Every structure is written in C-alpha cells, then in structure tokens.
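The values are calculated or read from the model by the stated rules, or taken from the named source; none is laboratory data. Just so we're clear, the structure is a prediction, and the values are computed from it rather than from any experiment. With ideal geometry, Cβ positions are generated from the backbone for all residues, glycine too; neighbour counts draw on all protein chains shown.
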C-alpha cells in the first residue's frame, strides 16, 4: 500500500509542476504578445487556454496542501524555463507559439493517460480530475493545430526539443 501512496504523491507533485509550467509558458507568450509581438487573435486564444491551466494548477496546488506533499524543489527553475519557452516561441511567430502548445500537450496526453491507467478506485476523484484535465489538454492541442501549429522543416526540430525537455522535466519533477 505504501508504494501506491508514493506513486500518487509523485503524480500530484509532477502534475502540479506541469500545470504551473503551462501557466508560465502562457505567461511568457502573453508577455511577448503584450510587448514585442502584436497579434490580438493569438493573444485571445492563449488567454482562453491559460484559464484552463490555472484551474488545473489550482486543483493540484490544493491537493499538495491537503495531502501534505512536498512540491518539486525545481519550481523556480521550471517557472523561468516556462516563461522563457513561451516568450521565445512567440518571438519566432504564431506557428512556433502554437507548436509549443501542441508539442507540450502531446506529451501531457500520454503522461495523463499513463496516470489514469495506474490510479485505482481509492483515488476516484483524482482520476476524474486528471481525465477532465486531459480532455482540456487535447482540446488545446486541437486549437493549436487549427491556429497554425506545424511540424514541417525547422518546426520538426523545435517539436523534438520541446517534447524532450517536457519529458525530462516530468521525470525530474516526479522525484526531486
């Protein structure tokens, strides 16, 4: 039984870090859109997706407090990298900004599905929340492709870098 509790703690720790990271990516994108890049439509899209990420983040923030789980020690680094990724991807243009969302969401889709498949009946509420959040993330991915995300040429390299970075952050945040 102890092992499954550790697993749930890891899930909540990493999901908290990930959802907070998503908020930070969108904050970075909005920073670029409010200063250097003028695209009101893209800004509106990102603001709408950020609302979901904040809701997800708040849920895991509450779970961390309620269950007395230690958040990842690397939150300040993830915050910085998230804002940097969001800002940088948006400076590269709308396609890159939307690819950033699509790439991250594709990693999160698999990550959440793995968690859903591992959670038992004793974690029904957590499982329902992660299932709902996964649906939100898949919706964000669809929006990103509708708004111009591309994996052609340079973007295929960017996709691989973002996905690799996301997977590394997941693996580290589960443990540290």
- [ ] Scan (1) under 17 Å from the mean Cα position of the chain (by Cα); (2) modelled with pLDDT of 95 or more; (3) surrounded by 13 or more Cβ atoms within 10 Å (Cβ to Cβ); (4) part of a helix (DSSP H, G or I) for the single condition residue 174 breaks and write down its number.
- [x] (2)
- [ ] For the stretch 27-53, enumerate the residues that are surrounded by 17 or more Cβ atoms within 10 Å (Cβ to Cβ) and under 26 Å from residue 171 (Cα atoms).
- [x] 27, 28, 29, 49, 50, 52, 53
- [ ] Confirm whether residue 23 is outside any loop (DSSP other than H, G, I, E, B), over 19 Å from residue 143 (Cβ atoms) and under 13 Å from the mean Cα position of the chain (by Cα).
- [x] no
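So that you can scan it fast, the table gives a plain yes or no per residue for (1) free of Cβ contacts under 8 Å to residues at least 24 places away in the same chain; (2) surrounded by 19 or more Cβ atoms within 10 Å (Cβ to Cβ); (3) under 23 Å from residue 54 (Cβ atoms):
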position	(1), (2), (3)
90	no, yes, yes
99	no, yes, yes
104	no, yes, yes
108	no, yes, yes
112	no, yes, yes
117	yes, no, no
144	no, yes, yes
148	no, no, no
158	no, yes, no
